[in-house]
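The values are calculated or read from the model by the stated rules, or taken from the named source; none is laboratory data. Just so you know, these numbers come straight off a predicted model, no measurement behind them. As a convention, Cβ positions derive from the backbone with ideal geometry for all residues, glycine included, and neighbour counts pool all protein chains shown. To get the accessible areas, we keep the full protein, side chains included, count just its heavy atoms, and leave off ligands, DNA and RNA. Shrake-Rupley method; radii C 1.70, N 1.55, O 1.52, S 1.80 Å.
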Amino acid sequence: MLNKNTNSKRFLDKVVLVTGGAQGIGAATVEAFASEGARIVIADIQDEKGEALAAQLREQGVQAIYVHADCTRSADVENMVQRTVQEFGALHVAANVLGGGHRSDVMGNTVHNTSEEAFDGTMAISLRSCWLSMKYEVLHMMNNGGGAIVNCSSMAAVSVEPHAPMSYGLAKAGVNLLTRHGAVEYGQYGIRVNAIMPNTTATPLLRSMFDEQQISAMVEAQQAIPRAIEASEQADAIVWLASEQAAMITGHILPVDGGRNAYGSLGPSRSSAIKTAHD
Ligand SMILES: NC(=O)c1ccc[n+]([C@@H]2O[C@H](COP(=O)([O-])OP(=O)(O)OC[C@H]3O[C@@H](n4cnc5c(N)ncnc54)[C@H](O)[C@@H]3O)[C@@H](O)[C@H]2O)c1
């Protein structure tokens, strides 16, 4: 993994914090930034996995630490940013990747049958965590020459998603507006804020919810490129948005979706009576 893009090193010595960095898209993001020369802080609640990933990076010569942070809790988030600065003297890039639904918030939860516990729990994991992370990240970046933040939204933010609970899409819609707020409010301080919107991505989260057959059916029904997206492909988009190549891009919400967005608001046709260009 670390051999990828070794010549470019776009983040040489930059300090990069990744929330939810112990697995899935977060771990792929950690590896992608590390391969570009960054110093890495992995923040997560899975201590064993996070410590193991940090240790693996150190063995490969990367400066990396793991910090336990439940990003729904402000004290943990404040400490996460403080530890980053204590350890490496700066915070240049933050990838706020963590998200998901509360354990009681399941597929099929609608407006009327979502419990308050499920709603509040999902909002905390997918929206409050992102807001709290941004709050402490910009507080540092504003006074230290700026930086780049990339949030992780979801295609569930822009339309009703049959296989996601209602409050998950709602929280991610909040992440999109939070991203725009960040871009507008902190552009003057040299801080760029963008987000990616993943569609079906092969991660432990996805595999805990769906089997391979269900994943295939989902991507065939939704995406122009009918395969699950790799976590590393989401990470590549995050790295690019954080890089100097995207220096004038801020407030942008980038679908990384295998072409799902290209179908527009009506989505792909499910009618077998309509022939495709290949028929
Ligand atoms: N996988 C997909 O198909 C998909 C699609 C759309 C959006 N997303 C979004 O992408 C992001 C990453 O998803 P993933 O599939 O890699 O998920 P994942 O569950 O595989 O990984 C999420 C990581 O976040 C950590 N985490 C969870 N709650 C936390 C908390 N309170 N504090 C700190 N860390 C916490 C977990 O321990 C885990 O390491 C999420 O924001 C998710 O909503 C994923």
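Could you check the stretch 108-133 and list, in sequence order, the residues that are touching a residue at least 40 places away in the same chain (Cβ under 8 Å), under 11 Å from Tyr168 (Cβ atoms) and within 13 Å of the ligand (Cβ to nearest atom)? Step through it out loud before you land on a result.
Initial filter on the stretch 108-133 (touching a residue at least 40 places away in the same chain (Cβ under 8 Å)): 108-111, 114, 118-119, 122-133.
Right, trim to under 11 Å from Tyr168 (Cβ atoms) and you get 109, 114, 118-119, 122-123, 125-127.
Result: Thr122, Met123, Ile125, Ser126, Leu127.
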Exercise. Considering Thr203, Thr250, which residue is under 14 Å from the mean Cα position of the chain (by Cα) and among the β-branched types (Val, Ile, Thr)?
Worked result: Thr203
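If the requirement is being out of contact with any Gly (no Cβ under 7 Å at 6 or more places or on another chain), modelled with pLDDT of 95 or more, away from the ligand (no atom under 16 Å from the Cβ) and over 23 Å from Asp257 (Cβ atoms), which of these qualifies: Tyr186, Tyr136? Steps first, answer last, please.
Working: Tyr136 fails: away from the ligand (no atom under 16 Å from the Cβ).
Selected residue: Tyr186, the only one of Tyr186, Tyr136 that is out of contact with any Gly (no Cβ under 7 Å at 6 or more places or on another chain), modelled with pLDDT of 95 or more, away from the ligand (no atom under 16 Å from the Cβ) and over 23 Å from Asp257 (Cβ atoms).
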Exercise. In the stretch 151-177, what residues are over 15 Å from Ile25 (Cβ atoms), modelled with pLDDT of 95 or more and within 11 Å of the ligand (Cβ to nearest atom)?
Worked result: Ala157, Tyr168, Gly169, Ala171
Exercise. Does Ile249 satisfy being within 30 Å of Ala90 (Cβ to Cβ), open to solvent by 30 Å² or more (accessible area, probe 1.4 Å) and in a loop (DSSP other than H, G, I, E, B)?
Worked result: yes
Seminar exercise, completed: Taking the stretch 70-90 and keeping only residues that are in contact with a helix residue (DSSP H, G or I) (Cβ under 6 Å, 6 or more places away or on another chain) and touching a residue at least 40 places away in the same chain (Cβ under 8 Å), one is left with Cys71, Thr72, Ser74, Val77, Glu78, Val81
Exercise. Only one of (1) part of a helix (DSSP H, G or I); (2) open to solvent by less than 20 Å² (accessible area, probe 1.4 Å) is not met by Ala195, so which one is it?
Worked result: (1)
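Would you say Leu170 is within 14 Å of the chain's Cα centre (by Cα) and in a helix (DSSP H, G or I)? Even if it seems obvious, please write down each step before you answer.
Values: within 14 Å of the chain's Cα centre (by Cα): no; in a helix (DSSP H, G or I): yes.
Spelling it out, it is not the case that Leu170 is within 14 Å of the chain's Cα centre (by Cα) and in a helix (DSSP H, G or I).
Just to be sure, is Arg207 out of contact with any Phe, Trp or Tyr (no Cβ under 6 Å at 6 or more places or on another chain), more than 9 Å from the ligand (Cβ to nearest atom) and of a type in the set (D, E, K, R)?
Details: out of contact with any Phe, Trp or Tyr (no Cβ under 6 Å at 6 or more places or on another chain): yes; more than 9 Å from the ligand (Cβ to nearest atom): no; of a type in the set (D, E, K, R): yes.
For Arg207, the condition - out of contact with any Phe, Trp or Tyr (no Cβ under 6 Å at 6 or more places or on another chain), more than 9 Å from the ligand (Cβ to nearest atom) and of a type in the set (D, E, K, R) - is not met.
Can you confirm whether Gln46 is within 16 Å of the ligand (Cβ to nearest atom), under 19 Å from Ala124 (Cβ atoms) and out of contact with any Asp or Glu (no Cβ under 9 Å at 6 or more places or on another chain)?
Numbers: within 16 Å of the ligand (Cβ to nearest atom): yes; under 19 Å from Ala124 (Cβ atoms): yes; out of contact with any Asp or Glu (no Cβ under 9 Å at 6 or more places or on another chain): yes.
Yes; evaluated as a whole, the condition is true for this residue.
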Exercise. Can you name the condition, by its number, that Glu36 falls short on among (1) more than 30 Å from Met166 (Cα to Cα); (2) within 16 Å of the ligand (Cβ to nearest atom)?
Worked result: (2)
For this session: Go through the stretch 210-238 and count every residue that is more than 10 Å from the ligand (Cβ to nearest atom) and not in a helix (DSSP H, G or I).
Result: 7
